[in-house]
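The values are calculated or read from the model by the stated rules, or taken from the named source; none is laboratory data. Since we're looking at a predicted model, the values are computed, not measured. FYI the Cβ positions are ideal-geometry reconstructions off the backbone, even for glycines, and counts take in every protein chain you see. Ligands, DNA and RNA are excluded from the accessible area calculation, which covers all protein heavy atoms including side chains. Shrake-Rupley method; radii C 1.70, N 1.55, O 1.52, S 1.80 Å.
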Amino acid sequence: HTHSSLNLPAKLINGGIAGLIGVTCVFPIDLAKTRLQNQQNGCRLYTSMSDCLIKTIRSEGYFGMYRGAAVNLTLVTPEKAIKLAANDFFRHHLSKDGKLTLLKEMLAGCGAGTCQVIVTTPMEMLKIQLQDAGRIAAQRKLMPEMVAAGTVETKSPTAMQLTRELFREKGIAGLYKGLGATLLRDVPFSIIYFPLFANLNNLGKRGVDGPAPFYVSFISGCLAGSTAAVAVNPVDVIKTRLQSLNRGSTEDTYSGVTDCIRKILRNEGPSAFLKGAYCRALVIAPLFGIAQVIYFLGVAEYLLSFLPKKDK
């Protein structure tokens with residue numbers, strides 16, 4: 001099946017299934033990424049990804065690693081759907097007058113990244129609070145000197161409580177805190193990912209017309225995903241920091257993107273922008289690899305084939 005003949009409902013179902021499987025597989029690594037990116041020097045709780053996951057399981061139990069997963073699982077399907085549909089839509093329109101050049105592919109990716117932030121920003125905003133709650137709580141226990149006097153021990157909030165609170169205090173804008181940073185992350189990500197994937201995948205094609213074998217799609221998805229992930233990691237660190245509402249008393253707060261860059265450079269040095277990069281590559285590679293395989297296997301087409309056919 002060629003990509004263009006794939007109908008939109010099938011695409012969206014595939015994207016959704018891939019998103020759900022992918023998120024379930026890699027969510028603990030994503031949690032580690034958020035916590036590592038949020039740590040500032042002077043109050044480092046975790047030394048590495050594995051250290052973070054071991055400590056999380058110890059202090060919060062196995063399901064502690066899945067804090068915030070419900071938000072992600074609920075919203076990852078519409079997010080993936082918007083991204084994939086938008087990329088296809090732009091590619092289709094840009095290729096109407098002739099060949100899809102690399103520049104046009106990048107433009108399509110840019111469009112897709114811009115559209116998806118509608119869902120991505122609030123999703124990440126809530127997810128980050130939930131993922132980081134355990135780090136703040138652990139800091140209270142293990143490093144009491146880092147916590148401001150008079151802070152009350154709080155239970156970690158649920159996504160609904162967080163949404164209500166943000167809504168009450170800041171209106172819809174509260175959920176879109178970090179929108180600029182999310183755009184700065186997702187647009188370059190899509191500009192790098194989609195063309196890179198398409199071109200890597202083409203290298204492995206059998207003959208001119210045949211689709212690439214699925215392992216080629218899987219490897220291409222992993223490679224393109226991890227490359228794009230590491231490339232935009234500095235912006236991801238900024239986004240995580242801007243979207244975190246709670247922090248230890250000795251940790252910096254930021255008024256915006258430029259303020260955040262300045263303070264991180266001054267207090268933690270340039271290497272801080274690579275915090276969580278390894279986790280992010282590990283999260284993104286399988287996410288996109290899995291997505292490509294599900295596309296390749298045509299899971300949705302198989303499911304849709306059971307629907308009664310309309311009379312043509």
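Mean separation of Cα pairs under 8 Å and 6 or more residues apart, divided by the residue count, gives segment 1-100 a relative contact order of 40 percent. When a 1.4 Å probe is rolled over the protein heavy atoms, the share of accessible surface on segment 167-283 that falls to carbon and sulfur comes to 65 percent. Summing charges over all other residues whose Cβ lies under 12 Å from the Cβ of residue 243, with Lys and Arg as +1 and Asp and Glu as -1, gives +3. The residues packed around residue 19, meaning those with a beta-carbon under 11 Å from its beta-carbon, carry a net charge of +1 if Lys and Arg are +1 and Asp and Glu are -1. The fraction of accessible area contributed by carbon and sulfur in segment 7-74 is 69 percent, rounded to a whole number (1.4 Å probe; ligands and nucleic acids excluded).
Summing +1 for each Lys or Arg and -1 for each Asp or Glu among the other residues whose beta-carbon sits under 9 angstrom from that of residue 194 gives 0. Rolling a 1.4 Å probe across the protein heavy atoms gives the chain an accessible surface of 49 Å² per residue.
Ranked by the mean number of other Cβ atoms within 10 Å per residue, highest first, peptides 51-60, 70-79, 251-260 order as 70-79, 51-60, 251-260. Which stretch or stretches of segment 96-128 have amide N atoms under 18 Å from the point lying 7 Å from residue 205's Cα along the Cα→Cβ direction? Taking a point 7 Å out along Cα→Cβ of residue 205, the residues of segment 96-128 whose backbone N falls under 18 Å are 96-106.
Ordered from highest to lowest accessible area with the whole protein assembly present and a 1.4 Å probe, 104, 96 read as 96, 104.
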